Amino acid sequence: TNEVAPPTYTPYTIVEIQTPGADGDASQHVDEYVETSGVITAATSYSFYMQDGTADYSGIYVYNSPGTAILGDNVTVTGTVFEQYGLTQISGVADVIINSTGNEMPIAIVLTTGSLSESHEGMLVTISGECTAISTNAGSDHWAFKLDDGSGDALVDDQLFSDAENTTTLGTAYD
């Protein structure tokens, strides 16, 4: 019989996957089949975020239902690194294994709005500031509103709170 060997993955930390290559923005592991682990920090019905520590580049988006995994579960994911709209993600997920449950969430890093950057993508962060703009087309803009604490605008997405652009008030301060 002709048996096909299963694809082989390369184990990486989230930081190794997220750290940009020579082009400065995209992962250096795009299109690679990888395995990585972290704690689930946010979830939708079709995706989740996971994080391993609080160092720069330690969070990542996984385009796959979390299944039975919930916030605080440490999981190992096997899939392909992909870039879409500047967002590094793991898609084409072959497996999500729950390693442990009830883990502490990583502590959100407190940042100024102007210091929020690519290195914080997929991570828990805390910013505060005044709402300076509200998107009129959040689906294609890929942001719902902007906050500024005086150090520069930060774009706030509405993926986890889909009505964000409808409940935010221009000129109001948010923490």
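The values are calculated or read from the model by the stated rules, or taken from the named source; none is laboratory data. Remember, predicted model here, so these are calculated numbers, not experimental data. Counting neighbours? That spans all protein chains shown, and the Cβs are built from the backbone with ideal geometry, glycine included. Just the protein is used for accessible areas: all its heavy atoms, side chains included, with ligands, DNA and RNA removed. Shrake-Rupley method; radii C 1.70, N 1.55, O 1.52, S 1.80 Å.
Brief remarks follow.
- Count - residues of region 55-71 that are over 15 Å from the mean Cα position of the chain (by Cα) and of a type outside the set (S, T, N, Q): 3
- Region 5-44: number of residues that are within 15 Å of the chain's Cα centre (by Cα) and among the small types (Gly, Ala, Ser): 6
- Residues that are under 24 Å from Thr54 (Cβ atoms), assigned to a loop (DSSP other than H, G, I, E, B) and not charged (D, E, K, R), drawn from region 1-27: Tyr12, Thr13, Thr19, Gly21, Gly24, Ala26
- Matching residues in region 28-38 - criterion: being assigned to a loop (DSSP other than H, G, I, E, B) and either in contact with a helix residue (DSSP H, G or I) (Cβ under 7 Å, 6 or more places away or on another chain) or in contact (Cβ under 8 Å) with a residue 12 or more places away in the chain (or both): His29, Val30, Asp31, Glu32
- Put simply, of Gly150, Gly86 the only residue that is touching a residue at least 60 places away in the same chain (Cβ under 8 Å), loosely packed, with under 15 Cβ neighbours inside 10 Å and touching a helix residue (DSSP H, G or I) at 6+ places or on another chain (Cβ under 9 Å) is Gly86.
- Region 8-21 residues that are over 17 Å from Ile40 (Cβ atoms), paired with ones that are open to solvent by less than 50 Å² (accessible area, probe 1.4 Å) and hydrophobic (A, V, I, L, M, F, W, C) (beta carbon under 9 Å, 6 or more apart): Tyr9/Val34; Thr10/Val34; Pro11/Val34; Tyr12/Val34; Tyr12/Val81; Glu16/Val34; Pro20/Ala26
- Unique match (being exposed (fewer than 14 other Cβ atoms within 10 Å of the Cβ) and in contact (Cβ under 8 Å) with a residue 24 or more places away in the chain) among Asp52, Asp25: Asp25
- Taking region 137-175 as the range and being in contact with a strand residue (DSSP E or B) (Cβ under 8 Å, 6 or more places away or on another chain) and outside any loop (DSSP other than H, G, I, E, B) as the test, the residues that pass are Phe145, Lys146, Leu147, Asp148, Asp153, Ala154, Leu155, Val156, Ala164, Glu165, Ala173, Tyr174.
- Flag if Ala133 is farther than 18 Å from Tyr57 by Cβ and either hydrophobic (A, V, I, L, M, F, W, C) or buried (at least 19 other Cβ atoms within 10 Å of the Cβ) (or both): yes
- Failed condition for Val62, given (1) open to solvent by 60 Å² or more (accessible area, probe 1.4 Å); (2) at pLDDT 95 or above: (1)
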